[in-house]
Amino acid sequence: MKGRDVAIESQGSKVQLLLWFLFVVSGLTVVARLGTKYAMTRKLGLDDYLILAAQVAYLAQCISISMGIANYLGTPAKYASIIFFILSLALVKWSISTFIRQLSRSTTHRRLDWVLQGLVGLWVLTSVFVSIFQCALPTPWDYFHGLKCVDRRAWWIYVVVFNILTDLFTVVLYILIIGNLQIPRSKRAIILAIFLVRLLVIGVSAAQLAVFLRVFSTSDPTARQRALTA
């Protein structure tokens with residue numbers, strides 16, 4: 001086996017190790033959340049089922065990436081992983097939105113929450129549609145050799161920027177709702193601090209966008225693929 005092939009295989013193994021480690025951590029977090037809630041209330045809500053569905057989509061994404069690593073660039077497996085990635089993000093957003101709607105009876109807050117869910121729905125539909133038909137049939141996944149493909153740089157900017165904006169919308173709505181709850185300030189501060197960790201996700205998305213913009217400025221297809229499946 002050539003040295004370059006060995007290096008690629010080694011890198012692929014590291015990516016898979018990190019990928020499945022993060023999935024296990026995420027899975028344990030979801031199990032802990034659902035188990036705790038069920039033990040306390042003996043029932044699960046719509047937000048719980050949505051986060052469970054998001055975890056299933058995340059699993060499908062991890063499987064797709066793992067299958068793609070073992071094959072050449074532009075395989076259907078890696079093509080599918082992007083779709084599952086977007087679906088998992090949307091399901092997480094819907095879960096959070098459904099949860100925070102339960103915290104307020106304000107008509108204004110509920111309307112804002114429905115607007116948020118509608119925007120997420122629009123985002124996931126358009127993003128997945130473009131992802132599915134990013135290149136001409138019969139090989140829509142082959143953007144390395146496809147003759148007619150969408151501008152993937154523009155598409156990824158749309159996906160990531162809209163992802164950031166909906167996360168910001170979620171944080172602002174949560175702050176508005178918590179700010180109006182009749183609870184002690186100390187508890188309100190703790191609840192806000194816990195949820196504001198969501199800002200770290202926004203920071204990661206912003207860093208992801210910066211990486212995409214830098215990678216798409218290069219002609220190296222391997223570098224592009226690593227950025228899109230990381």
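The values are calculated or read from the model by the stated rules, or taken from the named source; none is laboratory data. Bear in mind that the values here come from a model prediction, so they are computed numbers and not experimental data. Positions of Cβ are generated from backbone atoms using ideal geometry, with glycine treated the same way; all protein chains shown enter the neighbour counts.
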message = Here is a list: Ala60, Ala80, Ala53. Which entry is under 15 Å from the mean Cα position of the chain (by Cα), surrounded by fewer than 21 Cβ atoms within 10 Å (Cβ to Cβ), assigned to a helix (DSSP H, G or I) and modelled with pLDDT under 90?
response = Ala80
query = Does Ser97 satisfy the criteria of being without any contact (Cβ under 8 Å) to a residue 24 or more places away in the chain, crowded, with 17+ Cβ neighbours inside 10 Å and more than 19 Å from Leu28 (Cα to Cα)?
reply = no
task = Write out, first by first residue and then by second, each pair whose Cβ atoms fall under 7 Å of each other, whose residues are 6+ apart or on separate chains, and whose first residue, in segment 100-113, is free of Cβ contacts under 8 Å to residues at least 24 places away in the same chain and surrounded by 15 or more Cβ atoms within 10 Å (Cβ to Cβ) while the second is part of a helix (DSSP H, G or I) and acidic (Asp, Glu).
result = Arg101/Asp113
ask   = Does Val124 count as buried (at least 18 other Cβ atoms within 10 Å of the Cβ), farther than 21 Å from Leu52 by Cα and touching a residue at least 24 places away in the same chain (Cβ under 8 Å)?
value = no
task = For segment 9-45, name all the residues that are modelled with pLDDT under 80 and either loosely packed, with under 14 Cβ neighbours inside 10 Å or touching a Pro at 6+ places or on another chain (Cβ under 6 Å) (or both).
result = Glu9, Ser10, Gln11, Ser13, Lys14
ask   = Name the pairs: first residue in segment 15-26 and over 13 Å from Tyr58 (Cα atoms), second residue part of a helix (DSSP H, G or I), Cβ to Cβ under 6 Å, at least 6 apart or on different chains?
value = Gln16/Ser66
ask   = Since Ile86 meets every condition but one in (1) closer than 22 Å to Ile63 by Cβ; (2) over 14 Å from the mean Cα position of the chain (by Cα), which condition does it not meet?
value = (2)
